[in-house]
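See structure below.
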């Protein structure tokens, strides 16, 4: 559900990191009060507290190189931002490579980066269903989360076989208008991008396929709310093309499909000086817990030994 791969393909390091958090006293797998956006707001406040700046709608056109070293980025509007210490990409490896196009004059390190990571296999994408419904007369004990496996025999990674459903407004009514509920259902990284590749998002064929591929999501919600379609007031369907467009993700992918025992996620380092990567294309892997760990690893790697010692002295 989180790693993008079956349990036998998930790195032990990722499992250990998640279990270490989940099995602490009083831990809950639910939503923060006010919705997931409150976590983003907290991260932004922390970044700004230490002098960071967040720019929205600011697309990177290219990572600037000086020989074998990353020196900054060029924005889509032509502006350049010089790096004081390093350039860090949190994008997928495929999208990072798009920012580093190869030419005959490209440095050796860039050729090595493309060679090492261009052929990285990709996990499938998602189908999403976001709905708003009338809550009148619904049971008071509806769960916040439920998981539907339609057929155990074909495996949890089979397309359209597993549906995850979340209904956060049962815990935090402020997430929906009075007397309403919000529901999110999705297939967990099992939707083939090939079904959607090349489709015109404005075409009848695209809209018809959206309805067909979302049907299993409706059925997953109906396990607990049989009349959900009659209650529905808002409907939003997301597809792999939605992922590719709004999240700027190659193939709309959940991340690299690097199975334990068959490969290893690369570290934050790259063959280019001052260019680092974090996120789901680096160790320890895919999913929010692993991505958070990759950021922690990189932050610690960029911190001097003296700073580590000072922090330890402050703690102890």
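Nothing in this text is a laboratory measurement; each read-out follows from the coordinates by a stated rule. What you see is a predicted model; the values in this text were computed from it and never measured. Reconstructed Cβ throughout: ideal geometry from the backbone, glycine too, with neighbour counts over all protein chains shown.
For the chain, with a Gaussian network of springs between Cα atoms less than 10 Å apart, report the residue from 54, 97, 217 with the top mean-square fluctuation.
Ranking 54, 97, 217 by mean-square fluctuation puts 54 first.
For helix 37-49, report the angle its Cα long axis makes with the longest principal axis of the Cα atoms of the chain; keep it between 0 and 90° and round to the nearest 10°.
Approximately 20 degrees, to the nearest ten.
I want the antiparallel fraction of DSSP beta bridges within the chain, as a percent rounded to 5.
Antiparallel: roughly 85 percent of the beta bridges in the chain.
How much length is gained on full extension from residue 300 to residue 38, taking 0.36 nm per residue of separation minus their Cα-Cα distance? Walk me through the intermediate numbers first.
Working: separation 262, 0.36 × 262 = 94.32 nm, distance 2.49 nm.
So the extension gain works out to 91.8 nm.
For the Cα atoms of the chain, what angle does the longest principal axis make with the long axis of helix 288-301, in degrees from 0 to 90, nearest 10?
The helix 288-301 is inclined about 20 degrees to the chain.
Residue 269 to residue 13: FRET efficiency via 1/(1 + (r/R0)^6), r the Cβ-Cβ distance, R0 22 Å, to the nearest 0.05? Could you put the intermediate results ahead of the total?
Values: r = 17 Å, r/R0 = 0.78.
For R0 = 22 Å, the calculated efficiency reads 0.80.
Residue 83 to residue 50: FRET efficiency via 1/(1 + (r/R0)^6), r the Cβ-Cβ distance, R0 22 Å, to the nearest 0.05?
On the way: r = 17 Å, r/R0 = 0.77.
The computed FRET efficiency comes out at 0.85.
If I stretch the segment between residue 140 and residue 98 completely, what's the gain in nm (0.36 nm per residue apart, minus their alpha carbon distance), one decimal? Mind dumping the intermediate values first?
On the way: separation 42, 0.36 × 42 = 15.12 nm, distance 4.94 nm.
Difference between extended and current length: 10.2 nm.
Which residue, 279, 153, 51, tops the fluctuation ranking in a GNM of the chain built on C-alpha contacts under 10 Å?
Highest fluctuation of the listed residues: 51.
Mind giving me the nanometre distance, one decimal, between the label points for residue 230 and residue 203, set 7 Å out from Cα along Cα→Cβ?
The two pseudo-label positions are separated by 3.7 nm.
For residue 1, project a label point 7 Å along Cα to C-beta. Then give me every residue of the stretch 191-210 with its amide nitrogen under 12 Å of that point.
Inside the label zone: nothing.
Over all directions, the average projected area of the alpha-carbon convex hull for the chain comes to how many nm²?
Details: hull surface 81.1 nm².
The Cα convex hull of the chain, projected and averaged over all directions, gives 20.3 nm².
Compute the long axis of helix 305-315 from its Cα atoms, compare it with the longest principal axis of the Cα atoms of the chain, and write down the angle in degrees, 0 to 90, nearest 10.
50
Please check: in the Gaussian network model of the chain (C-alpha springs, under 10 Å), which one of 239, 303, 38 has the largest mean-square fluctuation.
Looking only at 239, 303, 38, the largest GNM fluctuation is found for 303.
Rounded, prolate or oblate: which fits the stretch 1-106 when a ≥ b ≥ c are the square roots of the eigenvalues of the alpha-carbon gyration tensor, with rounded for a/c under 1.5 and prolate only if a/b beats b/c? All intermediate terms of the calculation are to be shown ahead of the outcome.
On the way: a/c = 2.66, a/b = 1.57, b/c = 1.69.
Since a/c reaches 1.5 but b/c is at least a/b, the shape of the stretch 1-106 is classed as oblate.
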